[in-house]
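Presented below is the structure to which this report refers.
The values are calculated or read from the model by the stated rules, or taken from the named source; none is laboratory data. Quick caveat: nothing in here was measured; it's all calculated off a predicted structure. In this analysis, Cβ positions are derived from the backbone assuming ideal geometry, glycine residues included, and neighbour counts consider all displayed protein chains. What goes into the accessible areas is simple: the full protein's heavy atoms, side chains included, and nothing from ligands, DNA or RNA. Shrake-Rupley method; radii C 1.70, N 1.55, O 1.52, S 1.80 Å.
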Amino acid sequence: MDTASTQTRFRVEGMDCAGCASKIDTAARRLSDIEDVSVSVSAGTMTVMHGAKADLQELQKSIARLGYTIAPIGSSDVRREKASLDDISHDHADHDHSKHDHAKEQADGLSGLHGHDHGPSSGPWWRSKKAHLTIASGLALVAAYGLGKLFPDISQWAFAVAMLVGLLPIARRALMAALAGTPFSIEMLMTIAAVGAVIIGAGEEGAAVVLLFLVGELLEGVAAGRARASIQGLANLVPKIALVEREGQTVSIAADKLAIGDVVLARPGDRIPADGDITEGTSEIDEAPVTGESTPKRKTAGDSVFAGTINTDGLLRIRVTATSADNTIARVVRLVEEAQESKAPTERFIDRFSRYYTPSVMVVATLVAVVPPMVMGGSWVDWVYKGLAILLIGCPCALVISTPAAIAAGLSAGARRGLLLKGGAVLETIGKITAVALDKTGTLTEGKPVVTDIISFGHAERQILSLAAALETGSSHPLANAILAKATAENVPIPPATAATALSGKGVEGNVGGQRVFLGSARAATDMVQLSMDQRHAVERLNEAGKTVSILIVAGEVAGFIAMRDEPRQDAAQGLEMLRNDDIKTVMLTGDNRRTAEAIADELGIEAKAELMPQDKQRIVGEMKREGLIVAKVGDGINDAPALAAADVGIAMGGGTDVALETADAAILHGRVIDVWNMIDLSRQVMGNIHQNITVALGLKAVFLVTTIVGITGLWPAILADTGATVIVTANAMRLLGWRGAK
């Protein structure tokens, strides 16, 4: 029997680098009955898997002692074996945070113990306590320099005091981290180096080192805040107020109070306040804020709209289909935050490496400071100075942040363009795929039939469409919707039909304008009238093209044909071509009949495997993997779920079912085939960025390690190298926020 575990998520304010995440992770794991911990710097969250005996109050106190503000988001009972990101994504969206103010109070009460700002990073950076501490340290250094010029005898003492202004908070953090299980923190290295500098008479450089360290931390905080704001900014797209029709009146209410089934009004120029379906009205919808599409889409009754998009030119009535906590934007923000807690293989390797790297740096620095004076008779002051410089050079900040910063920026950039990747591991894997298997209906095609041909026999095409639409008025059948949509688009008048009757399995008939009219399948029509040879050939040609043919009979005579088909998405051919140009194999897997599948496949230039059951799709994906291919499966339906799970990367397309979205590793929210290639390109861009960051971080350390040992550089260049590398790595990762992808 499975052992039940509980998964609890916390909002943690004040994290600005991977070192923060590491200390929080270590502190949490030291407590009893804590089974697993995932921390995301960019999302500002921590997810803890724990047993029933875990003391969450003590956990919050332990994190607060490190200097962070922490409050629960929610918890969910899950099976240990089934715990996954998807379980988190539906986690207590309506949880009442007001009940947990005590966590914040604990953090506030303990803030004096650490003397360092790990508070919320909202508002301008220069108003934060971290900025105030940095400015105070800078002013203290300037004052010490001035006093040193006026009173040379006290210069060393002045610089020692200036150093303490910035060092005391750092030393306190180092002590708290050591007590929480992280003795070899960056703060500890900095504290030892600064104190050592004063002891050997390099107080001026020690004070400067502390100031530069604080500047580097401030820049890290600004960068982390920018990455966090990039995705959180999506949530600000949804208006705070909605106009709702209730009891015959229009009232204004808070958008987060909307309930499923409410009817809201969206005036021209308004942002749409909720996900929903249009019940009345037609308008151009600007989806650029959510999808990145530059061209507004014409939408009318029956079409779906997203919260945060802009209604440009018409009055719309919209029936709400999702609450504010579960609309498209809220789900995107939530999934991306949770995805950032899932570490990529490269990030896990860097984390493991840094655990051994930092203590090794301290050992090397100690040997450099001690061995030459003891063995070779060197100057203690000179070699201790070099040892302290190596201690600073070895700070792992830039190396540790190189991967998570790039992954967070990549996940955020993708989410802003409708590409959701559930974690760093998925982001890393998808760039390596060599084959893509795609479903047909709703993936390569729009997922709904449209009228493609109207063939007339003695009647005008508009008249054929008008009579057919008259019979189909009020029907919800997909083929009926296609005919009615075509009539609306062509501004064809739709006369009333009387005595309209649906004939099961055949079609529909009724009286229109005093004439008996029938619209139905070719098989049913041949039971009523005799088709000519030319008409039979026309039906065959249309069927060979994968089209469904409805025959209109007026007063016992064939009036015309209406052919319909689920057409390929507008960008399907381009998207598949881009994949093939990258030497990625493409194949269509569909349950549709072979003739329809092959007609679409021939048009798109893709291999087709048709008439497949869900287990067949799963089997084919498995066969492709055994051939050595790294396979991505793209689909949108329940029957795609087994194959999505079997693939190396499962990608849910468009408005896919909840089952597909939950089974998949990634999701393309806006139904563009080209976004499959965009996802691959984003992965490659991120991995390239990570490799650049690691090269910069290690390269600069290697150069300054050599120059320090031979006496060319000292403490100033050492801390500049560390801070500079951190800034370069972070700025390079932030470049990914500008990624746009192909259109």
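The requirement of being surrounded by 14 or more Cβ atoms within 10 Å (Cβ to Cβ), modelled with pLDDT under 80, small (Gly, Ala, Ser) and outside any helix (DSSP H, G or I) is fulfilled somewhere in the stretch 92-107, by at least one residue. Among the numbered conditions (1) within 28 Å of the chain's Cα centre (by Cα); (2) among the basic types (Lys, Arg); (3) open to solvent by 30 Å² or more (accessible area, probe 1.4 Å), the only one that Lys440 does not meet is (3). Of the residues making up the stretch 159-183, just one is free of Cβ contacts under 8 Å to residues at least 24 places away in the same chain and open to solvent by less than 20 Å² (accessible area, probe 1.4 Å), namely Ala174. Looking only at the stretch 186-222, count every residue that is of a type in the set (A, V, I, L, M), open to solvent by 10 Å² or more (accessible area, probe 1.4 Å) and in a helix (DSSP H, G or I) and tell me the total. Qualifying residue count for the region: 12. Just a yes or no: is a residue in the stretch 403-414 open to solvent by 10 Å² or more (accessible area, probe 1.4 Å), modelled with pLDDT under 85 and over 22 Å from the mean Cα position of the chain (by Cα)? No, because not a single residue in the stretch 403-414 is open to solvent by 10 Å² or more (accessible area, probe 1.4 Å), modelled with pLDDT under 85 and over 22 Å from the mean Cα position of the chain (by Cα).
Condition check ((1) in contact with a strand residue (DSSP E or B) (Cβ under 9 Å, 6 or more places away or on another chain); (2) among the polar types (S, T, N, Q); (3) more than 22 Å from Ala469 (Cα to Cα)) across all residues:
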{"site": "Glu540", "(1), (2), (3)": "no, no, yes"}
{"site": "Lys547", "(1), (2), (3)": "yes, no, no"}
{"site": "Ile562", "(1), (2), (3)": "yes, no, no"}
{"site": "Gln570", "(1), (2), (3)": "no, yes, yes"}
{"site": "Glu577", "(1), (2), (3)": "no, no, yes"}
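Of the residues making up the stretch 697-710, those that are over 10 Å from Ala389 (Cβ atoms) and open to solvent by 50 Å² or more (accessible area, probe 1.4 Å) number 6. Is one or more of the residues making up the stretch 440-455 hydroxyl-bearing (Ser, Thr, Tyr) and more than 25 Å from Lys609 (Cα to Cα)? No, that holds for no residue. Scanning the stretch 356-400 for residues that are modelled with pLDDT of 85 or more, open to solvent by 20 Å² or more (accessible area, probe 1.4 Å) and farther than 18 Å from Lys701 by Cα gives Val370, Val371, Met374, Val375, Met376, Ser379, Trp380, Val381, Asp382, Trp383, Val384. Using the structure shown, decide if Gly148 is at pLDDT below 80, open to solvent by less than 40 Å² (accessible area, probe 1.4 Å) and either not hydroxyl-bearing (Ser, Thr, Tyr) or not in a helix (DSSP H, G or I) (or both). Here the answer is no, as Gly148 does not meet what is asked. Scanning the stretch 162-210 for residues that are under 17 Å from Gly148 (Cβ atoms) and in contact with a Ser or Thr (Cβ under 9 Å, 6 or more places away or on another chain) gives Ala162, Met163, Val165, Gly203, Glu204, Ala207, Val210. Within the stretch 13-25, identify whether any single residue is modelled with pLDDT of 85 or more and farther than 28 Å from Leu399 by Cα, and answer yes or no. No: zero hits. Scanning the stretch 616-645 for residues that are over 17 Å from Lys432 (Cβ atoms), modelled with pLDDT of 85 or more, open to solvent by 10 Å² or more (accessible area, probe 1.4 Å) and of a type in the set (Gly, Ala, Ser) yields a single hit, Gly622.
Those residues that are open to solvent by 60 Å² or more (accessible area, probe 1.4 Å), in a loop (DSSP other than H, G, I, E, B) and out of contact with any Gly (no Cβ under 6 Å at 6 or more places or on another chain), I need them from the stretch 313-326; list them, please. Selection gives Asp313 alone.
Are there any pairs with C-beta distances below 9 angstrom linking a residue in the stretch 437-466 that is over 30 Å from Gly591 (Cβ atoms) to a residue that is of a type in the set (Lys, Arg) and open to solvent by 30 Å² or more (accessible area, probe 1.4 Å), with the two at least 6 apart or on different chains, and if so which? Qualifying pairs under 9 Å: Leu465/Lys486. Summed over the stretch 646-672, the residues that are open to solvent by less than 30 Å² (accessible area, probe 1.4 Å), at pLDDT below 75 and not in a helix (DSSP H, G or I) give a count of 2.
All conditions in (1) at pLDDT 85 or above; (2) open to solvent by 30 Å² or more (accessible area, probe 1.4 Å) hold for Ala733, with the sole exception of (2). Could you run through the stretch 610-639 and say how many residues are of a type in the set (Val, Ile, Thr) and in a helix (DSSP H, G or I)? Residues meeting the conditions: 3. Restricting to the stretch 577-597, name every residue that is open to solvent by 10 Å² or more (accessible area, probe 1.4 Å), assigned to a helix (DSSP H, G or I) and within 11 Å of Val436 (Cα to Cα). Within the stretch 577-597, Arg580 is the sole residue that qualifies.
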